[in-house]
1. Can you find, among Val137, Ile5, Thr52, the residue sitting farthest towards the positive end of the charge dipole of the chain, where Lys and Arg contribute +1 and Asp and Glu -1 at Cβ?
2. Can you give the extra length, in nm with one decimal, that the chain gains between Ser38 and Ser114 once fully stretched, where that is 0.36 nm per residue apart less the Cα-Cα distance?
3. Could you tell me whether segment 4-58 comes out rounded, prolate or oblate from its Cα gyration tensor? Rule is a ≥ b ≥ c as square roots of the eigenvalues, rounded for a/c under 1.5, then prolate if a/b exceeds b/c, otherwise oblate.
4. If you place +1 on the Cβ of every Lys and Arg, -1 on the Cβ of every Asp and Glu, and leave all else neutral, what size is the dipole of segment 1-69 about its Cα centre, to the nearest 20 Debye?
5. Please give, to one decimal in nm, the separation of the simple spin-label points placed at Leu20 and Ile90, each 7 Å out from Cα toward the Cβ.
6. Counting other Cβ atoms within 10 Å of each Cβ, which chymotrypsin sites (Phe, Trp or Tyr not before Pro) in segment 1-106 have at most 14 and sit in a DSSP loop?
7. Where the convex hull is taken over the Cα atoms of the chain, what is its projected area averaged over directions, in nm²?
8. Using a basic spin-label model with each label point 7 Å from the Cα along Cα→Cβ, how many nm lie between Val76 and Ala98?
Amino acid sequence: MKVEIDSFSGFRIYPSKGKLFVRGDSKVFRFASSKNASLFLQRKNPRKIAWTQVYRRMHKKGITEEVAKKRSRRTVKHQRGIVGADLAAIAAKRNQTAAVRSQQRLAAISKAKSEKKDKEVKKAKPARTSAPTGPKVSKQQMKGGKGGR
């Protein structure tokens, strides 16, 4: 049994029922009732008429029991080490008391300051004591080109 679909309302049209309308451009429209045909010929929008299938589909009517609500996945937290520190080192640092941590910080700061001081002392020592002796010669003169006297 061939069941057609109404061009306006989306209802089923059983054999030997309904109307057939063929437009000037040879497009075929099938209607379940004269009500649907009349509304189509008045150029009514089926999306705005509450009893049509198109309206019901657009406004999500009558599909709540068919489709279950989609469940969202719970995020799972993982603890991982980072570059330069494994998980055990991070846990040990987290369990330290504030006093121990501040003491370590002060020790690190004083060490960094002493290293900086040592660098400055080394930089100051190897200063140039003797300048190159002899007449100044330009690059052009070194190559044997013109210039000079």
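What follows is calculated from the coordinates using simple rules that are stated; it is not laboratory data. Since this is a predicted model, take the numbers as computed values, not measurements. With ideal geometry, Cβ positions are generated from the backbone for all residues, glycine too; neighbour counts draw on all protein chains shown.
1. Val137
2. On the way: separation 76, 0.36 × 76 = 27.36 nm, distance 9.61 nm.
17.8 nm is the gain from fully extending Ser38 to Ser114.
3. oblate
4. It works out to roughly 220 debye.
5. 7.4
6. On the way: sites: Phe8, Phe11, Phe21, Phe29, Phe31, Phe40, Trp51, Tyr55; in loops: Phe8, Phe11, Trp51.
Loop-located and lightly packed - Trp51.
7. 35.0
8. It works out to 3.7 nm between the two label points.
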